[in-house]
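No value in this document is a laboratory result; all are computed from the given coordinates. Model, not experiment: these values are computed from the prediction. Note: ideal-geometry Cβ built from the backbone for every residue, glycine included; neighbour counts use all protein chains shown.
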Amino acid sequence: MRLGRLVVLAVLATVVWSDHGNATLVSGRYTFFVQGLTDISEPTNPPPVDPVFGSFDITYEVAPVWYSSESGITNFTSNFAVGSVGFCFEPNGELLGVGGIYNSPCTISGGSNDFALIIKHSVSYPEFSHFWFGQEGNNGLFRSATGWITFEPLPMPEPGTMILLSAGLLILASSLRRHGRGYNSSPPPTSLQIKSGKSAHIRRAF
């Protein structure tokens with residue numbers, strides 16, 4: 001049996017932030033490039049795409065606890081197939097994880113059009129960490145720690161938009177709490193662990 005859902009990193013970061021009450025909103029464009037992908041279960045299995053690269057815009061809150069969201073990312077482009085994209089944020093180390101929501105934000109499944117990418121120090125000094133991805137037609141789960149990211153600032157939303165965005169974040173946080181997702185006050189795990197079958201949450205990489 002192969003390993004399958006996992007996490008990835010590699011991104012390029014552009015960050016602009018402004019204080020909004022007790023919250024800090026970050027808005028930026030990330031560009032990433034990754035090469036040297038290897039199947040973690042079968043090294044002789046060639047990756048369907050290598051190198052991989054892409055870019056996206058993101059606006060997110062620098063929250064005091066780990067959370068994930070299926071919105072906040074726009075203008076995503078890449079040279080590999082993927083559906084909708086979401087993100088996770090971990091305040092310890094300013095870790096930002098971006099990935100497909102085939103299963104849920106920040107998880108990745110081998111054999112599906114999915115990916116996960118992790119950026120460390122995303123607010124203060126974005127750095128590439130590692131990248132994972134899978135593609136339909138190939139059951140492998142591929143990983144690489146060889147890549148780079150770039151940074152390009154984006155203007156913050158207008159005040160009216162900021163109010164709407166903040167209201168949306170509050171509604172999202174409230175909804176996630178009610179459903180037992182997202183803003184979780186429990187301490188995040190500190191090491192990566194593969195779950196049964198083909199899954200591992202990106203939280204495990206934080």
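Determine whether G100 is free of Cβ contacts under 8 Å to residues at least 40 places away in the same chain and more than 16 Å from V26 (Cβ to Cβ).
Values: free of Cβ contacts under 8 Å to residues at least 40 places away in the same chain: yes; more than 16 Å from V26 (Cβ to Cβ): yes.
Judged against the criteria, G100 is a match.
Could you please find all residues in the stretch 135-149 being surrounded by fewer than 23 Cβ atoms within 10 Å (Cβ to Cβ) and hydrophobic (A, V, I, L, M, F, W, C)?
Residues satisfying the conditions are A145, W148.
For the stretch 76-97, which residues satisfy the criterion of being surrounded by fewer than 18 Cβ atoms within 10 Å (Cβ to Cβ) and free of Cβ contacts under 8 Å to residues at least 40 places away in the same chain?
F76, T77, S78, N79, G83, S84, P91, listed by residue number.
Check T38 against each of (1) within 17 Å of A145 (Cα to Cα); (2) surrounded by 20 or more Cβ atoms within 10 Å (Cβ to Cβ) and name the one condition it does not meet.
(2)
Are any residues in the stretch 54-72 crowded, with 20+ Cβ neighbours inside 10 Å, closer than 27 Å to G137 by Cα and not aromatic (F, W, Y), and if so, which ones? Step through it out loud before you land on a result.
First, pick out the residues of the stretch 54-72 that are crowded, with 20+ Cβ neighbours inside 10 Å: 54, 56, 58-61, 66-69, 72.
Now drop any that are not closer than 27 Å to G137 by Cα, which leaves 54, 56.
G54 - this is the single residue of the stretch 54-72 that is crowded, with 20+ Cβ neighbours inside 10 Å, closer than 27 Å to G137 by Cα and not aromatic (F, W, Y).
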